[in-house]
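Data block below; observations after.
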Amino acid sequence: MQLSDILNQTGGLQSIARELGIDEHQAATAASALGPAVLGGFKNQAAAHPQGLQGLGGLLNQFGGSGMLDAVLASSPTDTSPGNNVLGQIFGSKDVSRAVAQNAASKTGLDPSLLKKMLPMLAMLVGGFMSKQRAGAAQAAGLSSGGLGGMSGGMIGAGQQLDHTDDGLEDLLKMGGQRNPLEEILGRLGR
């Protein structure tokens, strides 16, 4: 499963576009530019945490778990506080978030203020989806394995394609040595 699959299966792309007052093509373009940084931030957070992937799962739960996904998908305006908290943890500072938005703006031609609004929503959507899947995976058996690298492989929406850069997410699965439910989910999101 790729990031584009998450955005389409959940209706997240449509929800973000509707809330920001943009069309789905613009939302897909923005997500393709912001996605690798968000995913890389999750990877770095897991790598820095003493408990690795389990620590990432705990962090996501602290900020609302699967409720973050539900908040983005709701018809009411999204309270992006949880997303900003997640970004603060995975990026370390607001300056990094601003730099990510500015970099995405230079690649896409979209307004940096629009991208700054979208960034916490995207973090909530991905983090909430991983939490929801993690909760289900903790009870399920026989999940497929794989890598996270493919998650950044493509964005669906008017033919949008993510830049296939080395965001280091493949390394996430090499940490720890023993698979856990979050690792299984991250693996399902890969290849």
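Remarks
- Pairs with Cβ under 7 Å, 6+ apart, first in region 52-74 and free of Cβ contacts under 8 Å to residues at least 60 places away in the same chain and over 18 Å from Met121 (Cα atoms), second part of a helix (DSSP H, G or I) and open to solvent by less than 30 Å² (accessible area, probe 1.4 Å): Gly55/Ala46
- Selection count, region 71-94, where residues are open to solvent by 60 Å² or more (accessible area, probe 1.4 Å) and within 14 Å of the chain's Cα centre (by Cα): 3
- Only one of Gly65, Gly58 that is assigned to a loop (DSSP other than H, G, I, E, B), out of contact with any strand residue (DSSP E or B) (no Cβ under 8 Å at 6 or more places or on another chain) and open to solvent by less than 60 Å² (accessible area, probe 1.4 Å): Gly65
- Looking only at region 106-116, and only at residues there that are in contact (Cβ under 8 Å) with a residue 60 or more places away in the chain and part of a helix (DSSP H, G or I), the one that is most open to solvent (accessible area, probe 1.4 Å): Lys107
The values are calculated or read from the model by the stated rules, or taken from the named source; none is laboratory data. Quantities reported herein were computed from a predicted structural model and do not represent experimental measurements. Note that each Cβ is placed from the backbone with ideal geometry, even for glycine, and that neighbours are counted across all protein chains shown. Note: areas computed on protein heavy atoms with side chains; ligands, DNA, RNA excluded. Shrake-Rupley method; radii C 1.70, N 1.55, O 1.52, S 1.80 Å.
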